[in-house]
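Q: Have a look at this one before I ask anything.
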Amino acid sequence: MGKRKGNLADLAPSKKEKKGLGQYILGFFLLLYTMFCALPVLLVFIAAFSDETTILQQGFSFFPKKLSLDGVNSVLRYGKQLLTSYGVTIFITVFGTAFGLLVMSMFAYSISRRDFRLAKFLSIYLLIPMLFSGGQLSGYVIFTSYYHLKDSLLLLILPLCVSTMNVIILRTYIANSIPNELMEAAKIDGAGEYRTFFQITLPLLKPSLAAVGFMMATAFWNDWQNALLYITTDSKKPLQLLLVNIQKSIEFLLNNANVPASARAAMGGNIPQYSSTMATVLVVIGPIMVAYPFFQKYFIKGLTVGSVKG
Amino acid sequence: MKNFFANTWKHRAHVVMALPVFLILFFIMYVPMAGLVMAFKNFDYSKGIWGSPWCGIDNFKFLLASKNTFVSMTKNTLMYYVIFTVVGTFLNVVLAISIDQFVFKKAAKVMQTIMIIPVFISYAAVQFIVYAFISTDTGILNNTLGMSTRFYSTASIWPWILTIVKIWNSVGYGSVLYMSVLAGIDTELYEAAQIDGANKWQQIWHITLPSLIPMVTVMLLLSVGGIMRSDTGLFYQVTRNSGVLYSTTQVIDSYVLNAIFKNSNFGFTAATSFFQSIVGLLLMLFANGMVRKVAPDNALF
């Protein structure tokens, strides 16, 4: 990347030797910003293990007077629904990402074939949705009253599994980093089009697939909007919708101080409490935070590649 | 023409491979585009989009007449775009340069990893975290400062809150792109500058900043295309969709979402959507045209 050491480098003090006061001041500010980013996440952790009455009296705090496992335990009270939602989220994330990657890389491969006349039309066809969209309302009406897909998991998968930008990233990678000669050679050796794609192109596409795949997986995992718009049955509710519902029921109880006990009981037996809510948040955001450091290098690469069109 | 069909037949495997994405885009993206005609119709759910009677531009007259809603949400959409873009770009650049200049590389790497994490937390979860900081009775802010501000009913304070949340969410992530540009600067440039007696600030001013300008220009221009769209989660979830705050927090996207849930006022909403899509298209074409002039390699088409 141009970090060559010439003769000049021997004369000038190298970057590494200079650890003056300025560096420590810079480090201090960077640390401050890091804390600004990390502390809110840490608070989720602490609040999840805080005692409920302590939160009510003392407020949320980084140093709660009393810790407790009640919050985490009562998450288990959502028990079955939480497990179901976890299942739904994992299913749409895994299936949506895998399916999206497959169809997008096939499309990217097709439109990057030279001498394929239809490729030009397909590229324009791919680009138009990036410029112009029907908007949320029109999509909602079409999906629900024409396709009759209300409450279908398909609406959690299809709208997110193909994106123009991701296809462009894959196409750029195919065009720039996979030598066309490899594909030609495979064909000369008698491999068909599909075999060439699955056995030569797809394996070589891995770095790009990892980058795009991680970004897609995060989008699937974090999607609350489609779930809120379309999903009504408990057995199909993903995790994010569970969070939205918890918030809505807290709101409802706060705004209706005299909700009869029977109604409260009907809402699941207990008012969602602060500590258990935070424990739920922790359970929802946990997996991504655990997975992210492993994918960091791929996803940074993907981000960088995506900005430069081939 | 005959050649074209022969060519397509020869590439039939590629046609098959392109088909799934073609169909998904058709049903998910293209068909709803046609649904925009709703803006010119008196929409009735029972008659459907095509069956509902035409009403000319009545919906748009309605739009312009309702100053409060339409003007206010368009104003908010633009205001947040400007704030987020100016503050965001500035901080992205500052952070990228800071990390690049920091000589303790291991520490820089760890800190950068932590700074990116917030972007992976959904706004449905973020709103609980924000609540923990600013709720009236249990919030950290009120407790620490001994105040009892009712944040969730004080509209004037929300541009600040949303900006801080947005910075927290996206600056670490946004700076990655600029860092990759900085990593590409030839170190010999700095070394030569040092020999000429340039201090650190002069090096940043004369070498680092100018090398970032092309990328900043491209990113700014591309973002113009998205002026009419907002980060819906930020405005819908983080504000808890509180009606008292709408005067400063309602953007076009969150308005449309609300209208869908309330199942009302379809004409007005359809007109708003139509306006949003058309303006979006024009801005996108403008942005791309500009990028093509400045940096042809980065243009979308």
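Q: With the structure loaded, tell me whether B:T113 is within 9 Å of chain A (Cβ to nearest Cβ) and within 19 Å of A:F299 (Cα to Cα) or whether it fails that test. Talk me through it step by step, then tell me what you get.
A: Details: within 9 Å of chain A (Cβ to nearest Cβ): yes; within 19 Å of A:F299 (Cα to Cα): yes.
Against the criterion (within 9 Å of chain A (Cβ to nearest Cβ) and within 19 Å of A:F299 (Cα to Cα)), B:T113 qualifies.
Q: Wholly within segment B:241-301, which helices (runs of 4 or more DSSP H) include no fewer than the required count, namely at least 2 residues that are without any contact (Cβ under 8 Å) to a residue 24 or more places away in the chain?
A: On the way: elements: B:246-249, B:252-262, B:266-294.
So the answer is B:252-262, B:266-294.
Q: When you scan segment B:240-279, how many residues do you find that are within 18 Å of B:A124 (Cβ to Cβ) and buried (at least 24 other Cβ atoms within 10 Å of the Cβ)?
A: The number of residues fulfilling the criteria is 4.
Q: Follow-up. Look at B:A124 and say whether it is crowded, with 19+ Cβ neighbours inside 10 Å and either assigned to a helix (DSSP H, G or I) or on the phi > 0 side of the Ramachandran plot (or both). Break it down into steps so the answer makes sense when it comes.
A: Details: crowded, with 19+ Cβ neighbours inside 10 Å: yes; either assigned to a helix (DSSP H, G or I) or on the phi > 0 side of the Ramachandran plot (or both): yes.
Taking the combined requirement at face value, the residue satisfies it.
Q: If I ask for residues that are more than 7 Å from chain B (Cβ to nearest Cβ) and open to solvent by 30 Å² or more (accessible area, probe 1.4 Å), which ones from segment A:131-147 would you list? Give the steps one after another, and end with the answer.
A: To start, the set of residues in segment A:131-147 that are more than 7 Å from chain B (Cβ to nearest Cβ) comprises A:143-144, A:146-147.
The answer is A:Y146, A:Y147.
Q: Every residue in segment B:132-151 that is part of a helix (DSSP H, G or I) and either surrounded by fewer than 19 Cβ atoms within 10 Å (Cβ to Cβ) or among the aliphatic types (A, V, I, L, M) (or both), please. Steps first, answer last, please.
A: So the first thing to find is which residues in segment B:132-151 are part of a helix (DSSP H, G or I), and the list is B:132-134, B:140-145, B:151.
Within segment B:132-151, B:A132, B:I134, B:I140, B:L141, B:N143, B:T144, B:L145 meet the criteria.
Q: Another question, if that's okay. Restricting attention to segment A:44-71, and to residues there that are free of Cβ contacts under 8 Å to residues at least 24 places away in the same chain and at the interface with chain B (Cβ under 10 Å from one of its Cβ atoms), which single residue is most open to solvent (accessible area, probe 1.4 Å)?
A: Restricting to residues being free of Cβ contacts under 8 Å to residues at least 24 places away in the same chain and at the interface with chain B (Cβ under 10 Å from one of its Cβ atoms), the top hit is A:Q57.
Q: Which one of A:N245, A:N180, A:N255 is under 26 Å from the mean Cα position of the chain (by Cα) and not hydrophobic (A, V, I, L, M, F, W, C)? Let's see the steps before the verdict.
A: On the way: A:N180 fails: under 26 Å from the mean Cα position of the chain (by Cα); A:N255 fails: under 26 Å from the mean Cα position of the chain (by Cα).
Selected residue: A:N245, the only one of A:N245, A:N180, A:N255 that is under 26 Å from the mean Cα position of the chain (by Cα) and not hydrophobic (A, V, I, L, M, F, W, C).
Q: Any idea how many residues of segment B:174-184 are surrounded by fewer than 18 Cβ atoms within 10 Å (Cβ to Cβ) and within 21 Å of A:K19 (Cα to Cα)?
A: 1
Q: Further question on the same structure: Scan segment A:72-81 residue by residue and report those that are open to solvent by less than 30 Å² (accessible area, probe 1.4 Å), away from every other protein chain (no Cβ under 14 Å) and within 25 Å of the chain's Cα centre (by Cα).
A: Kept after step one, since they are open to solvent by less than 30 Å² (accessible area, probe 1.4 Å), are these residues of segment A:72-81: A:74-75, A:79.
Checking the rest, the ones that are also away from every other protein chain (no Cβ under 14 Å) come to A:74, A:79.
Passing the criteria: only A:G79.
Q: Please state which one of A:I92, A:I128 is touching a helix residue (DSSP H, G or I) at 6+ places or on another chain (Cβ under 9 Å), among the aliphatic types (A, V, I, L, M), more than 9 Å from chain B (Cβ to nearest Cβ) and in a helix (DSSP H, G or I). First the steps, then the outcome.
A: Values: A:I128 fails: more than 9 Å from chain B (Cβ to nearest Cβ).
It is A:I92.
Q: Just give me the residues in segment B:153-173 being more than 10 Å from chain A (Cβ to nearest Cβ) and either crowded, with 19+ Cβ neighbours inside 10 Å or not aromatic (F, W, Y) (or both), in sequence order. Quick ask: steps written out before the conclusion?
A: Residues of segment B:153-173 more than 10 Å from chain A (Cβ to nearest Cβ): B:153-163, B:166, B:170.
Those that are more than 10 Å from chain A (Cβ to nearest Cβ) and either crowded, with 19+ Cβ neighbours inside 10 Å or not aromatic (F, W, Y) (or both): B:S153, B:T154, B:A155, B:S156, B:I157, B:W158, B:P159, B:I161, B:L162, B:T163, B:K166, B:S170.
Q: Mind checking which pairs have a first residue in segment A:223-237 that is of a type in the set (K, R) and a second that is modelled with pLDDT of 95 or more and assigned to a helix (DSSP H, G or I), Cβ under 7 Å, 6 or more apart or different chains?
A: Qualifying pairs under 7 Å: A:K236/A:V88; A:K237/A:V88; A:K237/A:A227.
The values are calculated or read from the model by the stated rules, or taken from the named source; none is laboratory data. In this text, all values refer to a predicted model and were calculated from it rather than measured experimentally. Reconstructed Cβ throughout: ideal geometry from the backbone, glycine too, with neighbour counts over all protein chains shown. Keep in mind that these areas ignore ligands, DNA and RNA; they rest on the heavy atoms of the full protein, side chains included. Shrake-Rupley method; radii C 1.70, N 1.55, O 1.52, S 1.80 Å.
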